[in-house]
There are 2 protein chains.
Amino acid sequence: MNNKVKLPTYSISELAKEFEVTTRTIRFYEQQGLLNPARQGQTRIYSPKDRVRLMLTLRGKRLGFSLAESKELFDMYDSTTQGNEKQLLYMLDILSKKQADMRQQLSDIQRLQEELNIAESRCQDALVKVRQRDEKKASTQQRKVG
Amino acid sequence: MNNKVKLPTYSISELAKEFEVTTRTIRFYEQQGLLNPARQGQTRIYSPKDRVRLMLTLRGKRLGFSLAESKELFDMYDSTTQGNEKQLLYMLDILSKKQADMRQQLSDIQRLQEELNIAESRCQDALVKVRQRDEKKASTQQRKVG
DNA sequence: ATTTTCCTTTACGTAAACGTCAACCTTGAT
DNA sequence: ATCAAGGTTGACGTTTACGTAAAGGAAAAT
């Protein structure tokens with residue numbers, strides 16, 4: 001194995017820009033135990049692993065995970081290699097619950113998508129009607145003016 | 001048309017039970033303009049329309065909509081029948097943004113589902129290994145005892 | 001009659017996830 | 001040398017979505 005490839009690093013503002021969050025957010029996530037950047041003096045140096053975690057945290061947020069939940073999943077996943085039976089069973093339990101959540105969300109989304117489509121059609125229809133009415137008004141005005 | 005069919009009504013606690021929320025939540029939603037129950041004296045009487053709105057609000061929440069966003073969608077949808085062109089265009093804009101959000105969420109979910117499956121497999125593997133190890137330990141103990 | 005039961009309003013409390021200063025290094029450019 | 005750009009640690013403020021407790025009305029059961 002080659003453990004000697006130099007991995008890229010990132011500054012806090014680079015990550016902030018890439019993921020469109022503030023540096024405050026990134027520091028807050030560290031404070032909550034989601035990130036663990038190295039230090040060079042005082043300055044934080046982020047590894048690809050940190051970057052992935054940030055990415056996952058943000059995706060988790062979009063899906064309604066709290067920061068605490070994301071942290072729990074990270075921690076469990078990390079300890080999976082040396083976890084004892086009880087921990088592993090607990091993790092499997094959590095995973096199956098999350099999967100159930102995701103199935104629920106999937107169905108929520110699909111239904112909402114349909115409804116948004118319906119609303120859009122209805123809205124388009126209304127728009128056409130408004131425009132037809134306004135055209136009539138305009139032509140009436142024309143006749144007045146002409 | 002028959003407008004005279006008697007629609008069912010619901011008490012606040014009936015709705016609370018059905019949707020597994022507190023009455024506090026339901027009153028709060030009303031305060032935020034999401035529900036508009038009739039009154040019988042002081043007591044709130046909920047119509048099927050209120051019930052649907054509650055349902056939609058809760059589904060919205062599961063998908064990361066704020067109460068204000070849900071309210072905006074409700075209000076716009078209600079005013080769609082008599083909306084002017086500007087409003088309709090605005091609504092169409094919102095709708096297309098929401099649809100983009102939903103597409104993003106859909107892809108987020110699908111990726112997360114894959115990852116959860118991978119994590120689950122990995123976890124199952126680890127579990128098997130732990131159990132094999134523990135079996136060996138146990139049989140060693142057996143030999144000591146026997 | 002009185003005690004539950006269900007409902008009401010008012011109002012203060014709270015947790016999560018940051019925003020927003022303030023006050024301070026450090027380091028490369030001018 | 002100084003100054004702007006980016007980094008740091010507090011620490012208090014803010015918004016959202018309710019929780020929780022107080023104080024009480026009305027009606028139904030015992």
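The values are calculated or read from the model by the stated rules, or taken from the named source; none is laboratory data. All values reported here derive from a predicted model rather than from experimental measurement. When we count neighbours, we look across all protein chains shown, and the Cβ atoms used for this are built from the backbone with ideal geometry, even at glycine. Note: areas computed on protein heavy atoms with side chains; ligands, DNA, RNA excluded. Shrake-Rupley method; radii C 1.70, N 1.55, O 1.52, S 1.80 Å.
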Within a Cβ distance under 14 Å of B:K97, other residues only, what is the Lys/Arg minus Asp/Glu net charge? -3
Would you mind giving the total buried accessible surface between chains B and A, with a 1.4 Å probe and ligands, DNA and RNA left out, rounded to the nearest 100 Å²? 3900 Å²
Obtain the nm distance between the two label points defined at A:N2 and B:E85 by a simple spin-label model: each point lies 7 Å from its Cα along the Cα-to-C-beta direction. 6.4 nm
Given a Förster distance of 51 Å, report the FRET efficiency between A:R111 and B:S139 from their Cβ-Cβ distance, rounded to the nearest 0.05. 0.40
In whole Hz, with x marking every Gly and Pro, tabulate ³J(HN,Hα) for segment B:116-131 from phi via Karplus 6.51 cos²θ - 1.76 cosθ + 1.60, θ = phi - 60°. 5, 5, 4, 4, 5, 4, 4, 5, 4, 4, 4, 5, 4, 4, 4, 5
Which distances, shortest first and in nm, link B:N117 to the matching position in the other copies, using label points set 7 Å out along Cα to C-beta? 2.4
Segment B:1-79 - charge dipole about Cα centre, Lys and Arg +1 at Cβ, Asp and Glu -1, debye rounded to 20: 240 debye
Below 30 Å, Cα to Cα, which lysines can B:K6 reach? Residues fewer than 8 away in the same chain don't count. B:K17, B:K49, B:K71
Per-residue average of Cβ from other chains inside 10 Å of A:122-130: 6
Using a label point 7 angstrom from Cα along Cα-to-C-beta, what distances in nm, from shortest up, separate B:V5 from the other copies? 6.5
Chain A: Rg/Rh from Cα coordinates, Kirkwood Rh? 1.30
Any idea what diffusion coefficient segment A:1-63 gets from Stokes-Einstein, in µm²/s, Kirkwood Rh on alpha carbon pairs, 37 °C, 0.692 mPa s? 268 µm²/s
For the pair A:D75 and A:T43, how long in nm is the line joining their label points, each one 7 Å along Cα→Cβ? 3.2 nm
Give, as a single signed number, the net charge of other residues whose beta carbon lies under 13 Å from the beta carbon of A:N84, with Lys and Arg counted +1 and Asp and Glu -1. +3
Expected integer from the mean partner chain Cβ neighbour count at 10 Å over B:60-72 is 2
Inter-copy label distances at A:R27, 7 Å along the Cα→beta-carbon direction, one decimal in nm, shortest first? 4.1
If we count every other residue with Cβ under 15 angstrom of A:V21's Cβ, Lys/Arg +1 and Asp/Glu -1, where does the sum land? +4
Have a look at B:E72, B:E30, B:E120 and tell me which one the Gaussian network model of chain B (Cα, springs below 10 Å) gives the largest fluctuation. B:E120
The Rg/Rh figure for the protein assembly as shown, Cα atoms and Kirkwood Rh, to two decimals is 1.13
Using only DSSP helix segments of four residues or longer, with each worth -39500 (n - 2.57), what per-residue ellipticity at 222 nm results for the protein assembly as shown after dividing by its residue count and rounding to 500? -25000 deg cm²/dmol
With all protein chains present, how much of the accessible area of segment A:36-131 (probe radius 1.4 Å) comes from carbon and sulfur, to the nearest whole percent? 51 percent
How many partner chain Cβ atoms sit within 10 Å of a residue's Cβ in peptide B:111-117, on average, as a whole number? 5
About the Cα centre of chain A, what is the dipole size in debye to 20, counting +1 per Lys and Arg Cβ and -1 per Asp and Glu Cβ, all else neutral? 780 debye
